[in-house]
1. Could you please tell me which pairs satisfy a Cβ distance under 9 Å, a separation of 6+ or placement on different chains, a first residue in the range 185-199 that is touching a residue at least 24 places away in the same chain (Cβ under 8 Å) and within 18 Å of Y296 (Cβ to Cβ), and a second residue that is among the hydroxyl-bearing types (S, T, Y) and open to solvent by less than 10 Å² (accessible area, probe 1.4 Å)?
2. Of the residues T232, T171, T222, T152, which single one is open to solvent by less than 10 Å² (accessible area, probe 1.4 Å) and touching a residue at least 40 places away in the same chain (Cβ under 8 Å)?
3. Quick check on F227: is it among the aromatic types (F, W, Y) and more than 19 Å from I292 (Cβ to Cβ)?
4. Filter the range 228-262 for residues that are over 23 Å from the mean Cα position of the chain (by Cα) and assigned to a helix (DSSP H, G or I) and give the result.
5. Here's a check for you: in the range 92-141, which residue that is more than 21 Å from V158 (Cα to Cα) and of a type in the set (S, T, Y) is least open to solvent (accessible area, probe 1.4 Å)?
6. If the requirement is being surrounded by 21 or more Cβ atoms within 10 Å (Cβ to Cβ), modelled with pLDDT of 90 or more and touching a His at 6+ places or on another chain (Cβ under 7 Å), which of these qualifies: K281, K276?
7. Right, P12: farther than 20 Å from G115 by Cβ, open to solvent by less than 40 Å² (accessible area, probe 1.4 Å), part of a helix (DSSP H, G or I) and out of contact with any Lys or Arg (no Cβ under 8 Å at 6 or more places or on another chain) or not?
8. Of (1) at pLDDT 90 or above; (2) over 29 Å from L210 (Cα atoms), Q40 satisfies all except one. Which?
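The values are calculated or read from the model by the stated rules, or taken from the named source; none is laboratory data. These numbers were taken from a predicted model, which means no experiment stands behind them. Here the Cβ positions follow ideal geometry from the backbone for every residue, glycine too, while neighbour counts run over all protein chains shown. These accessible areas exclude ligands, DNA and RNA; they are computed on the full protein's heavy atoms, side chains included. Shrake-Rupley method; radii C 1.70, N 1.55, O 1.52, S 1.80 Å.
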Amino acid sequence: MATPTSKPVYAPFLSAATAAVVELVIMQPLDVVKTRMHLQGFGVRTGDNFNGTLAAIRGIRSAEGLRGLWRGFVPGLCVVIPRRGFKFVFYDAFISLVWSGDKKKAPFLQSMLAGGLAGGAEACVITPIECVKIAMQSEKATSVASPTGTLTFARAMVNSGGVASLYSGLTATVAKHTAHSCFYFAAFHETKKLAPKTNTSKLQQISWDLGAGFVAGCAAATANNPFDVVKTRMQVSAASGVSGHAAAQEFSTMSLSTLGWATALVRTEGFGALYKGYFAKVARLGPGSAIIFCVYEQIMGLF
């Protein structure tokens, strides 16, 4: 097996991108549910007003069929491949700047710093396709109208708002991914430090990867959810040029900054409003991160 220093430079990106595809195929419906729940609440005419994650799954399935739970899958793939790929590549680069030893043994604060920088850098890369994904997931398909395609969404957004519309919510996106990655890597490596140092079987190693990944996902979800709610509301408005997209047209009338949205939500609905869709997010990111880290570590071990 290759030593860590001999691994190809593309290994982290390829391993993380592959892991991300596996995770999305399994967890996509919960991402749709999370998006829909971010767009409901006080004063939102187009909101679904689901009472919980399971109610949302049932409601979307009943109104839109199984395809409704897979809205935005194609742009989702286009998001997660560079998102996870660059996240791990950037983390490796930044942790090397702040810690000279084995990255798996980096202190918690250094790991948080490197993760935050990686998340912020990654957000700048993936924001345009993230906007398209959010717009697609928030569109409610019906039996009489076919769902709008990815390219149609992108063209309509650019035609109505210019290229800048694809960067709607950039500040909130950077804040979300910075908060996410601060805890994502730090929590994973801190949990892995608890694992036995010697005489561990392959199954035990996989079990620790799954467990540490689950902890990392839950920690990241808790940290980033407030920014994610704001980001979703800011980005959905970019699709107001898409005919019949009621949610986009409603939110396009509310021109607020990241702080303005957060303040408005807390003022009208209380602090809990910043945790809309939290259980759907944890249900997706907990197991999803377990899958990502486990698959990532296994593929990296092949190089």
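1. Short answer, once both residue conditions are applied: F185/Y91; F185/S111; A186/S111; A187/S111; F188/S111; F188/S289; H189/S111; E190/S111.
2. The match here is T232.
3. yes
4. A246, Q249, E250
5. Residue satisfying both the conditions and the ranking: S111.
6. That would be K276, the only listed residue that is surrounded by 21 or more Cβ atoms within 10 Å (Cβ to Cβ), modelled with pLDDT of 90 or more and touching a His at 6+ places or on another chain (Cβ under 7 Å).
7. Here the answer is no, as P12 does not meet what is asked.
8. (1)
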